[in-house]
Amino acid sequence: MYKLVLICIFLICFCTGCGNSLQATNENSKQNLTIQNGDRELTFSAQPTKLVTLRQHITETALDLDLDEYIIGASEAIDPPVVEHLQARYNNLPIIAEKYPSPEVLFSYEPDIIWVDRKWAFVKNQLGSMENIEIQGIKIYLSEAGFHDSAKLEYVYKDIENMGKVFNKEERATELIQEMQTKVNNVQERLGNIDTKVKVLDFDSGRNNMAFVGCHCMADDLISLAGGENIFKDIDKEWASVNWEEIMKRNPDIIIIHEYRGVSGASKIEALRQNPHLQEVNAIKNNRFVIINLDEIYEGTRNAETVEKLARSFYPEKF
């Protein structure tokens, strides 16, 4: 009996020691994580616990990744509405800026990491320099699209994958990516083979004799995935100013209208209808427009649904 008790004590101690060792191994496996962020490497000695998300589409993506508990500051939702299933959760976040806070405001929140859409945020009248932020011990994660001359849906998948690793949400990241890919695949199956693609103008705004249009921005990739052809895809910029005569010459079949910051899509459509240079454009004559919220075509989890929205507008007979 005495020997049996000793054996039991030994087994308990042995298993407990193994358990502690296994726990320590698991914890260590989460340390010294290195991810590739564009042309930069970010190394984490431990999982961050204080995240600031800057711009609405970034915050929505972070919420879809279930990072609510880590978000200590976010940008205002300036292009409402927020996606319906995220609205209540977005409302609970501490809003620290319309777009980008000043360095002083950012530092006061003492984040471990900030998730930012583009390098253009790091100028004097916004976030200041990246170096100044990193000196404070704050990691900067830049959206993958910010490292390329064009934006693509695959870069959104990379952002989700990377931030899933950083915050130990890899399972949710995989699930989210698969959900988005399934939506896009389903759209393309419905479209099937397209003999003649619709010609699409991605219209942001117009002034005097010029229009500001999407070229190699995210909308270009979403237009392509939805079976359309961006009439200004040959311009080697994300965005460009073109004259009305060039739009007339390229003659789009349908026009995407950006709606944001209190400027209604309807008012932009009316202005295009009244434009004397565009009266012979097919999209104008046939009243073919699709209004898109700006955050539907900025890089984020909305993009897969945008592909379906565009495809339904391009080819309504297939849906």
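The values are calculated or read from the model by the stated rules, or taken from the named source; none is laboratory data. None of these values were measured; they are calculated from a predicted model. Note that each Cβ is placed from the backbone with ideal geometry, even for glycine, and that neighbours are counted across all protein chains shown. Areas reflect the complete protein model, heavy atoms only, side chains present, ligands, DNA and RNA absent. Shrake-Rupley method; radii C 1.70, N 1.55, O 1.52, S 1.80 Å.
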- line: Scanning the stretch 92-121 for residues that are of a type in the set (G, A, S) and either open to solvent by less than 60 Å² (accessible area, probe 1.4 Å) or touching a residue at least 12 places away in the same chain (Cβ under 8 Å) (or both) gives A97, S102, A121
task: Out of the residues in the stretch 251-270 that are open to solvent by less than 60 Å² (accessible area, probe 1.4 Å) and aliphatic (A, V, I, L, M), state the one that is farthest from the chain's Cα centre (by Cα).
output: I269
task: Kindly provide the set of residues from the stretch 283-294 that are in a helix (DSSP H, G or I) and either touching a Lys or Arg at 6+ places or on another chain (Cβ under 6 Å) or without any contact (Cβ under 8 Å) to a residue 60 or more places away in the chain (or both), ordered by number.
output: I284, K285
field: Where a residue in the stretch 166-177 is within 23 Å of T43 (Cβ to Cβ) and its partner, wherever it lies, is in a helix (DSSP H, G or I), with Cβ under 7 Å and at least six apart
entry: F167/Y70; E170/G164; R172/G164; A173/I160; A173/E161; A173/G164
- prompt: Which residue pairs have Cβ atoms under 7 Å apart, sit 6 or more places apart or on different chains, and have a first residue in the stretch 75-87 that is touching a residue at least 60 places away in the same chain (Cβ under 8 Å) and a second that is open to solvent by less than 30 Å² (accessible area, probe 1.4 Å) and of a type in the set (D, E)?
  reply: D79/D295; V83/E60
- request: Find all pairs meeting these conditions: Cβ atoms under 6 angstrom apart; at least six residues apart or on different chains; first residue within the stretch 122-141 and under 20 Å from Q36 (Cβ atoms); second residue of a type in the set (F, W, Y) and in a loop (DSSP other than H, G, I, E, B).
  value: M130/F122
statement: The residue from E308, E299, E245, E280 that alone is assigned to a loop (DSSP other than H, G, I, E, B), of a type outside the set (S, T, N, Q), open to solvent by 60 Å² or more (accessible area, probe 1.4 Å) and in contact (Cβ under 8 Å) with a residue 24 or more places away in the chain is E280
